[in-house]
1. Going by how many other beta carbons lie within 10 Å of each one, how would you line up B:Val36, A:Val67, fewest first?
2. Quick check: from the Cα gyration tensor, does chain A come out rounded (a/c under 1.5), prolate or oblate?
3. Per residue of chain A, what 222 nm ellipticity follows from adding -39500 (n - 2.57) for every DSSP H run with n ≥ 4, rounded to the nearest 500?
4. Listed highest first by mean packing, meaning other Cβ atoms within 10 Å per residue, what order do A:7-14, A:110-117 come in?
5. What aspartates and glutamates does B:Lys41 reach when the alpha-carbon gap must be under 20 Å and sequence neighbours fewer than 8 apart in one chain are set aside?
6. Rounded, prolate or oblate, given the Cα gyration tensor of the protein assembly as shown, with a/c below 1.5 counting as rounded?
7. Under a cut-off of 24 Å between alpha-carbon atoms, report the lysines in cross-link reach of B:Lys77, not counting same-chain residues fewer than 8 places apart.
8. Among B:89-99, A:149-159, what's the highest-first ranking by average C-beta atoms within 10 angstrom per residue?
2 protein chains.
Amino acid sequence: MSLLLPPDAQDLLFREARTANTFTDEPVSDAQLRAVHDLVKYGPTAFNLAPLRTVLVRSTEARARLVPHMDPGNDTKTAAAPLVAILATDCEFHEETSRLFPHAPGVRDAYFAERPVREDSARFNGALQCAYFIVGLRAAGLAAGPMTGFDHEGVRKEFLDGDHLPLMVVNIGRPGPEAWHPRLPRLPYDEVVTTV
Amino acid sequence: MSLLLPPDAQDLLFREARTANTFTDEPVSDAQLRAVHDLVKYGPTAFNLAPLRTVLVRSTEARARLVPHMDPGNDTKTAAAPLVAILATDCEFHEETSRLFPHAPGVRDAYFAERPVREDSARFNGALQCAYFIVGLRAAGLAAGPMTGFDHEGVRKEFLDGDHLPLMVVNIGRPGPEAWHPRLPRLPYDEVVTTV
């Protein structure tokens with residue numbers, strides 16, 4: 001059974017794409033990031049409320065504030081990457097319901113009146129969008145280095161407000177020398193899929 | 001700025017792809033699901049521990065057990081779809097560390113000794129894999145109808161054990177008549193991306 005997606009595109013997005021640990025010096029432009037967003041903004045989220053918010057860390061000053069919050073090992077990668085993005089989720093995403101789900105704005109209060117419910121939804125749907133973003137970077141010919149190993153509360157205090165929670169920090173660029181190790185194994189289909 | 005991914009593939013995965021609410025009667029084969037898995041298994045997760053576990057609901061008996069747990073509106077779609085998958089996450093994913101991260105099996109105890117930490121990681125990384133799965137279905141020419149609107153504890157008790165938490169139920173098939181409404185708006189780039 002073959003896929004409809006052509007093999008070259010399969011390779012670009014999944015089979016040959018790898019998490020990069022080193023990058024070349026080639027800069028990553030805002031135009032590239034806009035092209036990625038223009039593609040992955042269509043990825044589905046609950047009630048189309050797409051809670052992901054992104055902070056692009058471009059200045060030397062901001063990079064210097066971010067790096068100390070990264071776990072050992074991640075810090076040096078984040079210090080060296082051409083561009084770093086903080087992917088955060090907005091726990092007040094429901095405020096956009098009338099714009100994003102205009103035919104049924106009542107879902108705002110029917111589903112999202114309580115902050116704990118909103119936070120769970122923001123974390124889950126924001127995570128979906130993190131994955132779309134990684135796929136989108138690859139679609140742009142870029143390599144991603146996604147990391148969850150950092151001081152989340154430290155990054156929140158440094159870069160976000162109380163309504164936003166960091167989910168992932170992503171190093172972005174063209175893969176450099178020895179950018180990755182050999183592929184690790186995956187669990188076989190029959191161990192992760194059951195049928196009832 | 002154009003993407004490296006060809007326009008037809010952009011359309012297949014994101015621009016023209018839509019959440020389907022109706023499906024044709026065409027069955028979805030195990031071979032198709034295996035091809036999807038063989039592609040999206042490469043999507044990155046923390047420490048390569050890929051916690052997603054999938055239950056394919058194929059039998060009439062199992063479908064009858066699932067439908068009552070779906071929220072109103074979702075229930076009729078789930079009753080009618082050619083195939084339904086329960087995407088769950090395994091909170092004991094760390095037990096596979098020696099197989100999936102064999103060069104550093106110590107991360108099992110260093111990071112994942114405590115259940116609450118494992119559950120957070122399982123939910124986040126499982127959500128990433130839900131998104132890869134949706135993209136993978138589209139790569140196979142299938143439409144996805146992902147839903148989080150169901151009785152999660154009811155589905156867990158009916159289909160899973162205490163180590164597994166349901167994240168999403170996905171209706172799967174070829175889009176049927178009036179499968180979707182017109183595209184909803186997205187927030188513009190400058191509202192969701194800031195630069196520091």
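Taken together, the values in this text are just the output of simple stated rules run on the coordinates, not laboratory data. As the structure is a prediction and not an experimental result, all values here were calculated from the model. All Cβ positions, glycine included, derive from the backbone under ideal geometry; neighbour counts span all protein chains shown.
1. Ordered from fewest to most neighbouring Cβ atoms within 10 Å, B:Val36, A:Val67 come out as A:Val67, B:Val36.
2. Cα axes put chain A in the oblate bin.
3. On the way: 9 runs with 76 residues, N = 196.
Helix-only estimate at 222 nm: -10500 deg cm²/dmol.
4. A:7-14, A:110-117
5. A:Asp8, A:Asp11, A:Glu16, A:Asp190, A:Glu191, B:Asp30, B:Asp90, B:Glu92, B:Glu95, B:Glu96
6. rounded
7. Cα-Cα hits under 24 Å: B:Lys157.
8. B:89-99, A:149-159
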